[in-house]
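First comes the structure, then the notes that go with it.
The values are calculated or read from the model by the stated rules, or taken from the named source; none is laboratory data. Since the structure is predicted, the reported quantities are computational estimates derived from the model, not experimental observations. Cβ placement follows ideal geometry from the backbone for every residue including glycine, while neighbour counts extend to all protein chains displayed.
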There are 2 protein chains.
Amino acid sequence: MFNKITIIGCGLIGSSLLRAIDKKKLSKEINIFDKSKEASIFIKNNFSAKVFNDISESVKDSDLVIISSPLSSYKEILLSIKSNLKKDVILTDTGSVKKEINKIISNLNLEHVHWISSHPIAGTEFSGPESGFAELFDNRWCILSTENQKGGKEMDRLKSFWEAIGSKVKLMTFEDHDYVLSLTSHLPHAIAYSIVRTVVNNDNKFKDDVVQYSASGLRDFTRIAASDPTMWRDIFIDNSENILKVLNSFSKNLEEITKAIQSKNGEKLNNIFSSTRKLRKDIIKAGQETDKPNFGRK
Amino acid sequence: MFNKITIIGCGLIGSSLLRAIDKKKLSKEINIFDKSKEASIFIKNNFSAKVFNDISESVKDSDLVIISSPLSSYKEILLSIKSNLKKDVILTDTGSVKKEINKIISNLNLEHVHWISSHPIAGTEFSGPESGFAELFDNRWCILSTENQKGGKEMDRLKSFWEAIGSKVKLMTFEDHDYVLSLTSHLPHAIAYSIVRTVVNNDNKFKDDVVQYSASGLRDFTRIAASDPTMWRDIFIDNSENILKVLNSFSKNLEEITKAIQSKNGEKLNNIFSSTRKLRKDIIKAGQETDKPNFGRK
């Protein structure tokens with residue numbers, strides 16, 4: 001499918017891409033750059049990809065360059081690689097926020113570079129190249145965005161690439177992407193971090209009890225509150241406007257529940273609690289969740 | 001282990017107990033009362049237990065009576081059964097809040113009745129007798145509480161019963177139970193309902209997107225926001241004091257994150273997000289959670 005693909009940043013997502021490209025033979029050659037020595041050694045020891053110490057060398061002659069590193073590293077990366085990018089290269093990423101990144105790239109005025117952003121909606125609570133696996137993207141969505149949503153053969157090529165990886169592809173504007181993800185992903189993460197912090201900062205007397213009885217609800221929240229801190233710091237900064245907006249809506253909804261509890265308004269509570277059951281059914285029907293009790297935990 | 005056990009309320013928990021008692025042969029006879037006709041028919045068709053239309057008849061000669069119905073139904077149930085309870089019966093329940101229930105039972109001045117409350121920390125997002133299964137309590141905690149935490153042979157018997165069911169047993173005061181569970185269970189549920197409601201009440205334009213991209217975080221919250229509304233209404237009313245207290249702590253923690261986002265304080269966000277990873281590791285170590293990525297979802 002490609003002659004040479006470069007992956008910059010080889011953590012959970014980058015290394016899962018490497019595994020999937022390898023397994024499905026989507027490129028004759030794969031170049032890898034990761035600023036971490038441990039990650040580079042791990043890749044060298046476990047894959048046939050070529051690992052580079054010099055980031056600008058790693059992109060030479062590549063047809064597809066994929067940035068899979070924290071959002072705050074993009075600018076430096078782009079400045080380091082821009083002069084070595086092949087003419088008509090497809091440049092993409094896997095970041096969780098798009099509008100700010102697109103601004104950075106537009107300001108660089110890259111010539112003969114086809115910038116199309118990718119966001120594979122896939123991941124786990126684990127980080128690092130040893131956590132990756134080739135099936136991570138199977139049957140998951142990948143959102144592609146470009147300036148003016150223009151298609152063209154590069155868009156078709158990138159779409160085919162993600163489909164070959166196992167994903168379903170959808171196009172979206174940078175703005176819509178950032179708003180939808182603030183609801184489905186960034187808000188839940190902000191809340192999960194807050195709730196786990198509330199429990200962690202609690203009275204020492206009950207520390208062990210909280211761990212023991214976590215199966216009563218808390219443990220579900222600890223999963224996403226265990227996600228990579230650097231990645232999430234960058235997301236909250238880059239998408240702050242949308243996140244603050246949805247946090248505000250959330251606080252109003254929480255206030256409504258709090259008031260119903262204060263006034264012991266059973267009917268109101270019942271209505272609130274009944275209104276939230278359908279969404280899960282819709283998500284299961286859309287193939288985005290298991291229908292097994294307790295997530296099918298073993 | 002017992003000659004006769006009565007289960008009042010045969011939903012997810014009651015019917016799972018029925019299955020476990022049946023499977024492990026913990027009683028010669030099992031009596032069932034459920035006010036729902038559908039539930040009663042389901043039990044009659046699928047189990048050898050005796051199903052009663054008259055609640056007061058169902059407890060006659062029982063050595064162990066287990067109330068597994070919503071908290072708000074306890075008072076009426078107790079008034080209906082009190083005159084038919086066998087001398088020296090063990091009376092227990094499976095409710096999620098204890099202090100208010102204990103008040104109700106103390107005020108009834110039941111004579112020759114050994115009241116020991118049980119709270120099996122087990123459940124799923126599904127309701128009704130068809131959702132139950134015998135293994136629900138395996139390796140889960142069950143918290144027992146009595147007035148003055150006095151032991152005695154009835155406590156030993158109830159403890160052995162839960163252990164035979166598969167649970168690990170711990171004693172706790174009514175007050176400590178209600179506080180710990182407000183943190184580990186009631187707060188997470190209040191938050192999950194709020195977040196799902198925030199998303200559900202959102203702009204219609206993005207309804208389908210929210211479902212499609214829910215794997216980016218939201219879907220984890222929809223599980224507990226799909227729990228039984230009546231049960232949760234009762235919990236929030238009975239444990240309102242503790243819940244309002246922990247909701248207040250939560251709001252302060254969320255405010256801290258909100259301020260860090262507003263000021264784009266990356267260091268602060270990084271510190272917050274790093275402080276929440278350990279709890280999950282502790283919970284996994286305590287055998288209360290799977291260590292598989294994404295809860296081991298298939």
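Applying the set (1) crowded, with 18+ Cβ neighbours inside 10 Å; (2) under 22 Å from B:Lys35 (Cα atoms) to B:Leu79 leaves exactly one unmet item: (1).
Residues in the range B:259-288 that are closer than 18 Å to B:Gly217 by Cα and of a type in the set (D, E, K, R): 2 in all.
Candidates B:Asp238, B:Asp291, B:Asp203: the one that is touching a residue at least 24 places away in the same chain (Cβ under 8 Å) and acidic (Asp, Glu) is B:Asp238. As a summary of the residue check, A:Lys205 satisfies the conditions (1) modelled with pLDDT under 95; (2) over 19 Å from B:Phe295 (Cβ atoms); (3) at the interface with chain B (Cβ under 8 Å from one of its Cβ atoms) except for the one numbered (3). All conditions but one from (1) buried (at least 22 other Cβ atoms within 10 Å of the Cβ); (2) within 24 Å of B:Asn201 (Cβ to Cβ); (3) out of contact with any Lys or Arg (no Cβ under 8 Å at 6 or more places or on another chain) apply to A:Trp232; the one that does not is (2). Among the residues of this structure, B:Glu130 counts as one that is more than 19 Å from B:Lys24 (Cβ to Cβ) and touching a residue at least 12 places away in the same chain (Cβ under 8 Å). Taking the range B:226-246, which residues are at pLDDT below 95, touching an Asp or Glu at 6+ places or on another chain (Cβ under 9 Å) and at the interface with another protein chain (Cβ under 7 Å from one of its Cβ atoms)? Listed by number, the list holds a single entry, B:Ala226.
Every residue, every condition in (1) assigned by TED's automatic domain parsing to the domain that holds B:Thr184; (2) over 24 Å from A:Asp228 (Cα atoms), yes or no:
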residue	(1), (2)
B:Tyr213	yes, no
B:Arg219	yes, no
B:Arg223	yes, no
B:Ala226	yes, yes
B:Met231	yes, yes
B:Asn242	yes, yes
B:Phe250	yes, no
B:Ile257	yes, no
B:Ile272	no, no
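Inside the range A:163-183, residues that are in contact (Cβ under 8 Å) with a residue 24 or more places away in the chain, crowded, with 21+ Cβ neighbours inside 10 Å and part of a helix (DSSP H, G or I) make up a count of 7. Taking the range A:267-294 as the range and being facing chain B (nearest Cβ under 7 Å) and under 24 Å from the mean Cα position of the chain (by Cα) as the test, the residues that pass are A:Leu279, A:Arg280, A:Asp282, A:Ile283, A:Ala286, A:Gln288, A:Glu289, A:Thr290, A:Asn294. Summed over the range B:247-258, the residues that are at the interface with chain A (Cβ under 7 Å from one of its Cβ atoms) and over 18 Å from B:Phe221 (Cα atoms) give a count of 4.
Do we have B:Ile41 as touching a strand residue (DSSP E or B) at 6+ places or on another chain (Cβ under 9 Å), touching a residue at least 60 places away in the same chain (Cβ under 8 Å) and not basic (Lys, Arg) here?
no
Yes/no matrix, rows are residues, columns are (1) over 19 Å from B:Leu269 (Cα atoms); (2) of a type in the set (A, V, I, L, M):
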site: A:Met155; (1), (2): yes, yes
site: A:Leu158; (1), (2): yes, yes
site: A:Phe161; (1), (2): yes, no
site: A:Ile165; (1), (2): yes, yes
site: A:Leu171; (1), (2): yes, yes
site: A:His177; (1), (2): yes, no
site: A:Ile191; (1), (2): no, yes
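Please verify whether the range B:237-244 includes one or more residues that are surrounded by fewer than 18 Cβ atoms within 10 Å (Cβ to Cβ) and of a type in the set (D, E, K, R). Yes - at least one qualifying residue is present in the range B:237-244. Scanning the range B:219-265 for residues that are more than 30 Å from A:Gly287 (Cβ to Cβ) and not in a helix (DSSP H, G or I) yields a total of 4.
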